[in-house]
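Asker: My structure is below; once you've seen it, I'll send some questions.
The values are calculated or read from the model by the stated rules, or taken from the named source; none is laboratory data. Quantities reported herein were computed from a predicted structural model and do not represent experimental measurements. Here the Cβ positions follow ideal geometry from the backbone for every residue, glycine too, while neighbour counts run over all protein chains shown.
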Amino acid sequence: MFVWSSKYATHIQEVDAQHQQLIAILNRIYAAIDEGAVSADGLDASLDELSEYASYHFEEEEGLMIRKRVATAHVKLHKMEHRAFIYDVKRLQAKRASAESVDALAQQTTAFVTNWLALHILGIDQSMASQVRAIEDGASPQDAYEHFKEYTYERAVTRNLVGTLLEMWREAEDKLREIREK
Ligand SMILES: [Fe+2]
């Protein structure tokens, strides 16, 4: 499961609500895997839902960046990340038709979407949100970009990734302990 926590919050209400919606779609695939109930039709429906909702969300986010006058250099890079996600989901959809194991493809899907969402939200989305706030507070779009470009890639990603890895490690440890105690 992808567990939402405050570190993912951009504090832009509609962005956070849409991210949570994407996570809900992802978690339905996790739930189906846990219940041993992944079906070809179910996975097809989830992949469709994912690509449709992600397209809608990306358009909204890109529109917001333009409205808030975020620097073009950031918007270009950000759009590329969005396009790459849609491309990868399309590849998963194409694979589904020939996949021998629907379960394995469902696992691959959850791993890919979980990693992508965590990295994207903690990285470039947090940078976008910081730039939007700085511009609202009177910074020029270019200054906001220069300042938070560094913040995103050097500090936020490292700090948040280390935090995420530690959490995953703790969860794995807890699971191991549970197994041992049984
Ligand atoms: Fe984004």
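Asker: Can you tell me which residues in the stretch 57-73 are at pLDDT 95 or above, assigned to a helix (DSSP H, G or I) and either more than 11 Å from the ligand (Cβ to nearest atom) or not aromatic (Phe, Trp, Tyr) (or both)?
Answerer: Correct list: HIS57, GLU59, GLU60, GLU61, GLU62, GLY63, LEU64, MET65, ILE66, ARG67, THR72.
Asker: For the stretch 1-15, what are the residues that are touching a Leu at 6+ places or on another chain (Cβ under 8 Å) and not in a helix (DSSP H, G or I)?
Answerer: Correct list: PHE2, ILE12.
Asker: Now a separate question. Since ALA144 meets every condition but one in (1) assigned to a helix (DSSP H, G or I); (2) surrounded by fewer than 18 Cβ atoms within 10 Å (Cβ to Cβ); (3) at pLDDT 75 or above; (4) more than 15 Å from the chain's Cα centre (by Cα), which condition does it not meet?
Answerer: With (1) assigned to a helix (DSSP H, G or I); (2) surrounded by fewer than 18 Cβ atoms within 10 Å (Cβ to Cβ); (3) at pLDDT 75 or above; (4) more than 15 Å from the chain's Cα centre (by Cα) applied to ALA144, the lone miss is (2).
Asker: Follow-up. Name the one entry in ALA129, ALA134 that is in contact with a helix residue (DSSP H, G or I) (Cβ under 6 Å, 6 or more places away or on another chain), part of a helix (DSSP H, G or I) and either touching a residue at least 60 places away in the same chain (Cβ under 8 Å) or buried (at least 17 other Cβ atoms within 10 Å of the Cβ) (or both).
Answerer: Among ALA129, ALA134, only ALA134 is in contact with a helix residue (DSSP H, G or I) (Cβ under 6 Å, 6 or more places away or on another chain), part of a helix (DSSP H, G or I) and either touching a residue at least 60 places away in the same chain (Cβ under 8 Å) or buried (at least 17 other Cβ atoms within 10 Å of the Cβ) (or both).
Asker: Right, here's the next one. Counting just the residues of the stretch 1-51 that are in contact (Cβ under 8 Å) with a residue 60 or more places away in the chain and β-branched (Val, Ile, Thr), which one comes out nearest to SER130 (Cα to Cα)?
Answerer: Here the answer is THR10.
Asker: Looking at MET80 and the list (1) among the aliphatic types (A, V, I, L, M); (2) within 16 Å of the ligand (Cβ to nearest atom); (3) surrounded by 12 or more Cβ atoms within 10 Å (Cβ to Cβ), which single condition is not satisfied?
Answerer: It fails just one condition, (3).
Asker: While we're on this one: Those residues that are surrounded by 15 or more Cβ atoms within 10 Å (Cβ to Cβ) and part of a loop (DSSP other than H, G, I, E, B), I need them from the stretch 16-47; list them, please.
Answerer: Within the stretch 16-47, just VAL38 meets the criteria.
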